[in-house]
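Trainee: This structure is in structure tokens; I'll ask about it shortly.
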Amino acid sequence: MKDVFYFLSVAPLLREEALFLRAFSSVADADRRQRIERIRSPRERCLSLGGTLLLQKALRDAGAEGAALAYGEHGKPYLAHRSSPRFNLSHSGDYAVCVLSEDPVGCDIERVRDVPPGVAARCFSPEENAALAACADPAEREALFFRFWTLKESLLKAVGCGISLPLSSVSFDLSGSEPAVRQQIAPGPFFFREYGELPGYRVALCRQKDGSFPPLLPLDWTQTL
């Protein structure tokens, strides 16, 4: 099975209630439907639905349609009664992303935006904070912040611990041609890819398999039904 990495804009679902209802009715997993219904924010609800639609599409294409979901100790979903494929979901702003792989994998997407003061000091290593302080241009510093953030999140999610461990428990060196882990929380190796296809967003993928990474492919909601 080839790894796949999809993204979906939820803007149409936010604009038109009929589209949302049609997409929601296509969610096969009852527990996922309940989780989506419990979300109060319309945007967050659409993002969760978008991720679910992407996952259903990826599993259908991989011959694993209808596989039941279970949740790990730290809330990471996985396929019950199956060792593969592995998957991971993330969302931010207008986009949801989903990756499917035979190996442990994690992904993260973040909309680049203003960051409240003190976040980097709490969440990043001394070396990462030094790299941020060396950026004279605020826009460059903001982009670097979210490079660090998405890479850290992708690794924590690949390991399966998510936000149960602080982001400061992982440290990256971005001075070379490829992201390098200085400090990590599980034996590797881990391999990383960053994606720049979505203006205004940072996207990172982490997996325990070397070789070519999947492209980040766009889908619309009609392709997921």
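The values are calculated or read from the model by the stated rules, or taken from the named source; none is laboratory data. On a predicted model such as this, the values are computed, not experimentally measured, just so you know. No Cβ is skipped: glycine too gets one built from the backbone with ideal geometry, and neighbour counts run over all protein chains shown.
Trainee: Report yes if some residue within segment 175-182 is out of contact with any Ser or Thr (no Cβ under 9 Å at 6 or more places or on another chain) and assigned to a helix (DSSP H, G or I); otherwise report no.
Mentor: Checked against the condition, which is being out of contact with any Ser or Thr (no Cβ under 9 Å at 6 or more places or on another chain) and assigned to a helix (DSSP H, G or I), segment 175-182 yields no hits at all.
Trainee: Specify the residue that is nearest to Val203 (Cα to Cα); the eligible residues are those in segment 4-55 that are small (Gly, Ala, Ser) and touching a Phe, Trp or Tyr at 6+ places or on another chain (Cβ under 7 Å).
Mentor: Start the filter on segment 4-55 by keeping residues that are small (Gly, Ala, Ser), which leaves 9, 11, 18, 23, 25-26, 28, 30, 41, 48, 50-51.
Remaining after also requiring touching a Phe, Trp or Tyr at 6+ places or on another chain (Cβ under 7 Å): 9, 23.
Details: Ser9: 14, Ala23: 25 Å.
Here the residue is Ser9.
Trainee: Starting from segment 42-58, keep only residues that are in the same structural domain as Thr222 (by TED's automatic domain parsing) and in contact (Cβ under 8 Å) with a residue 60 or more places away in the chain, then list their pairs with residues that are buried (at least 20 other Cβ atoms within 10 Å of the Cβ) and in a helix (DSSP H, G or I) whose Cβ atoms are within a distance under 8 Å, requiring at least 6 positions of separation or different chains.
Mentor: These pairs meet every condition: Gly50/Leu13; Gly50/Trp221; Leu53/Ala23; Leu53/Trp221; Leu53/Thr224; Leu54/Thr224; Gln56/Thr224; Lys57/Thr224.
Trainee: OK, next. Look through segment 179-198, keep the residues that are at pLDDT 90 or above and of a type in the set (D, E, K, R), and return whichever of them is surrounded by the most Cβ atoms within 10 Å (Cβ to Cβ).
Mentor: Arg193
Trainee: Select from segment 94-113 the residues that are of a type in the set (A, V, I, L, M) and closer than 22 Å to Leu14 by Cβ and write down the one among them that is surrounded by the fewest Cβ atoms within 10 Å (Cβ to Cβ). Steps first, answer last, please.
Mentor: Of the residues in segment 94-113, the ones of a type in the set (A, V, I, L, M) are 96-97, 99-100, 105, 109, 112.
Cutting the leftovers down to closer than 22 Å to Leu14 by Cβ gives us 96-97, 109, 112.
Numbers: Ala96: 27, Val97: 25, Ile109: 25, Val112: 19.
Ranking the candidates gives Val112 first.
Trainee: Which one of the conditions (1) in contact with a Phe, Trp or Tyr (Cβ under 6 Å, 6 or more places away or on another chain); (2) free of Cβ contacts under 8 Å to residues at least 40 places away in the same chain does Glu128 fail to meet, given that it meets all the rest?
Mentor: Failed condition: (2).
Trainee: Can you tell me which residue is surrounded by the fewest Cβ atoms within 10 Å (Cβ to Cβ) among those in segment 18-32 that are assigned to a helix (DSSP H, G or I) and at pLDDT below 95? Can you show your working first?
Mentor: We begin by selecting, within segment 18-32, every residue assigned to a helix (DSSP H, G or I); these are 18-25, 30-32.
Those left that are additionally at pLDDT below 95: 30-32.
Numbers: Ala30: 8, Asp31: 13, Arg32: 18.
Top of the filtered list is Ala30.
Trainee: Go through segment 54-64 residue by residue and tally those that are out of contact with any Pro (no Cβ under 9 Å at 6 or more places or on another chain) and either among the hydrophobic types (A, V, I, L, M, F, W, C) or modelled with pLDDT under 90 (or both).
Mentor: Applying the first criterion (out of contact with any Pro (no Cβ under 9 Å at 6 or more places or on another chain)) to segment 54-64 yields 54, 56-57, 60-61, 63.
Narrowing the set further to residues that are either among the hydrophobic types (A, V, I, L, M, F, W, C) or modelled with pLDDT under 90 (or both) leaves 54.
Qualifying residue count for the region: 1.
Trainee: Oh, and also: Go through the residues of segment 47-63 one by one and say whether even a single one is within 18 Å of Cys107 (Cβ to Cβ) and either part of a strand (DSSP E or B) or of a type in the set (Ser, Thr, Tyr) (or both).
Mentor: Taking segment 47-63 first, the residues within 18 Å of Cys107 (Cβ to Cβ) are 47-59, 61-62.
Checking which are either part of a strand (DSSP E or B) or of a type in the set (Ser, Thr, Tyr) (or both) leaves us with 48, 52.
Looking through segment 47-63, at least one residue is within 18 Å of Cys107 (Cβ to Cβ) and either part of a strand (DSSP E or B) or of a type in the set (Ser, Thr, Tyr) (or both).
Trainee: OK, next. Run down Gly93, Gly75 and say which single residue is touching a residue at least 60 places away in the same chain (Cβ under 8 Å), more than 25 Å from Asp220 (Cα to Cα) and either in the same structural domain as Pro215 (by TED's automatic domain parsing) or in contact with a Pro (Cβ under 6 Å, 6 or more places away or on another chain) (or both).
Mentor: Values: Gly93 fails: more than 25 Å from Asp220 (Cα to Cα).
Checking each option against the conditions leaves just Gly75.
Trainee: Something else about it: Considering only residues that are in contact with a Lys or Arg (Cβ under 9 Å, 6 or more places away or on another chain) and assigned to a loop (DSSP other than H, G, I, E, B), look in segment 72-93 and name the one that is surrounded by the fewest Cβ atoms within 10 Å (Cβ to Cβ).
Mentor: Gly93
Trainee: While we're here: Only one of Val10, Val112 is in contact with a helix residue (DSSP H, G or I) (Cβ under 7 Å, 6 or more places away or on another chain), assigned by TED's automatic domain parsing to the domain that holds Phe148 and among the β-branched types (Val, Ile, Thr); which? First the steps, then the outcome.
Mentor: Values: Val10 fails: assigned by TED's automatic domain parsing to the domain that holds Phe148.
Exactly one residue qualifies, and that residue is Val112.
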